[in-house]
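The structure appears below as structure tokens.
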């Protein structure tokens, strides 16, 4: 590591949680003679890149900042360089620097600095609200605050897979959510829809997520994870409230997918340009009865397969011409084949907002998981 990068790493490690970017700007100005440095954070709706220091939001598709964010690569426009601020696939935003790097060495080091910043922002986030607030274009509802805080992240990239999810309406989501984890060579993914409205729905989904995490971390199999969550929700609500969920467990080396379906989230497989609805055989929602036995199903994926999981808030969304429906959903899923998972869910929900001419009345969740196959 060069002396300049060592100085940057030291400055980031020593920075107060709420002044990480300022400290970075100071050390980069000293070590690289940079005149201006700013962080553009992606907002909750994936519709704007918001400067941390000053300036208007970047919302125009095709803007250099958005091209850097979407393609996860450096983009230079005149004397300004944009670099993705990403860690383990989690896209936080874009670093804007002027003047642009003058050499290949400096360009490579600045790209590494953007990654170091992403790691530091995630670590600092536990100790300050600054970056969380800066990524908002308006206030979240209390239920939405609870749902976003519950998420492990919005994106994840591993050696054999990549995934992303998004909630809508982003600033007022209620009972829809998702959870994921890598553990002991497996990828666990859950998509949930808690019944009800507002905070009651968010509380219900939160209970389900924590019960499923507790069971997973105890080493229980997928069916027993569902059973434990079912019992926890019933014990709290005595059958008067329930959660519909789809539990998935992927072996990233073999492509074997194990599933437990307890309600409305639907699973589609995009394979070789064709969208296949995968029937799941829904079982009782979590919390409906005191004891429910759950069984698993399996699906063998092929390298290059894409899984799309959506809640009923998407296909049932109503516009001026009727429901969004399965035909439009399948058509748009096919159109996203060449996009990365986060771009795919962002595009799908953007098309849905255009269809309903604004925010959704019901909340919705979309999750995309790509399996690339084992890499030798």
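A Stokes-Einstein calculation at 4 °C with viscosity 1.567 mPa s, built on the Kirkwood radius of region 16-65 over Cα pairs, returns a diffusion coefficient of 106 µm²/s. For region 3-134, the relative contact order works out to 25 percent when only alpha carbon pairs closer than 8 Å and six or more residues apart are counted.
Between residue 103 and residue 53, take the C-beta separation as r, use R0 = 30 Å, and let me know the FRET efficiency to the nearest 0.05. Rounded to the nearest 0.05, the efficiency is 0.70. The mean sequence distance of close C-alpha pairs (under 8 Å, at least 6 residues apart), as a share of the length of the chain, puts its relative contact order at 14 percent. Net length available on complete extension from residue 126 to residue 33 is 30.4 nm, with 0.36 nm assigned per residue and the Cα-Cα distance removed. Answer rounded, prolate or oblate for region 1-95, using the Cα gyration tensor with square roots of eigenvalues a ≥ b ≥ c: rounded when a/c is under 1.5, else prolate when a/b is larger than b/c, else oblate. Since a/c reaches 1.5 and a/b is larger than b/c, the shape of region 1-95 is classed as prolate.
In this label model, residue 240 and residue 5 are separated by 5.9 nm, measuring between points 7 Å along each Cα→Cβ vector. The simple Förster model, with R0 at 41 Å and r as the Cβ-Cβ distance, assigns residue 372 and residue 293 a FRET efficiency of 0.75. Would you please give the FRET efficiency between residue 302 and residue 186, computed as 1/(1 + (r/R0)^6) with r the Cβ-Cβ distance and R0 = 25 Å, to the nearest 0.05? Computed FRET efficiency for residue 302 and residue 186: 0.85. Maximal additional length on extending the residue 115-residue 359 stretch stands at 84.5 nm, based on 0.36 nm per residue less the C-alpha distance. Each stretch of four or more DSSP H residues adds -39500 (n - 2.57); spread over every residue of the chain, this sum gives -11000 deg cm²/dmol at 222 nm. In whole angstrom, note down how far apart the Cα centers of region 254-306 and region 309-344 are. Comparing the Cα centres of region 254-306 and region 309-344, I get a distance of 18 Å.
Readers should treat all values here as calculations from the given coordinates under stated rules, not as data from a laboratory. Please read all numbers here as calculations on a predicted model, not as lab measurements. Don't worry about glycine lacking a Cβ; one is built from the backbone with ideal geometry, like all the others, and counts go over all protein chains shown.
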